[in-house]
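Take a look at the structure below.
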Amino acid sequence: MGEGELSRNGESFTVTLGDAVTAGREHVLEIVLNTGKESDIYFYTRIADASDMGLAESLDYIRDFHTNAMNKVEGAGIGTAIEPNENGNNTTFQHVTIHSDYDHVSWGELEPMVEKGERWDITEMREVQIQK
């Protein structure tokens, strides 16, 4: 793809990839940060065109699940989405997973409140179909 330069210091910057990302293919992105000291910092990641991967639908499902769990909404599909079994540690809220029971997924007797909004971070994406 080529090289680029960041002309001023800052906390963030945007890289426009344009046609460099081919639909249906995964690519490697290498970012080299020149610190002005002895060695550069190298960062490698995978990138892919996610336009056909159902990302919007997946995020909508996740937001709805989160909101319904926080508000303890009955009949919202939480009970059918989880798979409680002996692998879930139902003695603490410290590590809640798909294997936790409904009480732990919906925060039990606690009434947590979200301040400053949620921050979603997608680290891996595969094509999925959301079943409602």
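The values are calculated or read from the model by the stated rules, or taken from the named source; none is laboratory data. Fair warning: this is a prediction, and the values are worked out from it, not measured in the lab. Counting neighbours? That spans all protein chains shown, and the Cβs are built from the backbone with ideal geometry, glycine included.
Some notes on this structure:
- Only one of the listed residues (38, 74) is more than 22 Å from the chain's Cα centre (by Cα) and closer than 30 Å to residue 114 by Cα. That residue is 74.
- The lone exception for residue 82 - which of (1) touching a Phe, Trp or Tyr at 6+ places or on another chain (Cβ under 8 Å); (2) at pLDDT below 90; (3) among the aliphatic types (A, V, I, L, M) it fails: (2)
Residue-by-condition table, conditions (1) of a type in the set (A, V, I, L, M); (2) farther than 24 Å from residue 96 by Cα:
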position: 14; (1), (2): no, yes
position: 19; (1), (2): no, yes
position: 22; (1), (2): no, yes
position: 31; (1), (2): yes, yes
position: 38; (1), (2): no, yes
position: 59; (1), (2): yes, no
position: 63; (1), (2): no, no
position: 73; (1), (2): yes, no
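Every residue, every condition in (1) at pLDDT 90 or above; (2) assigned by the TED database to the domain that holds residue 13; (3) closer than 30 Å to residue 13 by Cα, yes or no:
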position	(1), (2), (3)
26	no, yes, yes
31	no, yes, yes
39	yes, yes, yes
61	no, no, yes
97	yes, no, no
102	yes, no, no
117	no, no, yes
132	no, no, no
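Let's see how each residue does on (1) of a type in the set (Ser, Thr, Tyr); (2) on the phi < 0 side of the Ramachandran plot:
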residue	(1), (2)
19	no, yes
45	yes, yes
51	yes, yes
54	no, no
59	no, yes
64	no, yes
72	no, no
78	no, yes
99	no, yes
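- Any hit, the stretch 7-19, residues being in contact with a helix residue (DSSP H, G or I) (Cβ under 9 Å, 6 or more places away or on another chain), closer than 25 Å to residue 126 by Cβ and not aliphatic (A, V, I, L, M): no
- Highlighted here are the helices (runs of 4 or more DSSP H) found entirely within the stretch 14-132 that include at least 1 residues which are exposed (fewer than 12 other Cβ atoms within 10 Å of the Cβ) and not β-branched (Val, Ile, Thr): 55-70.
- With respect to the conditions (1) more than 21 Å from the chain's Cα centre (by Cα); (2) in contact (Cβ under 8 Å) with a residue 12 or more places away in the chain, residue 64 lacks only one, and its number is (1).
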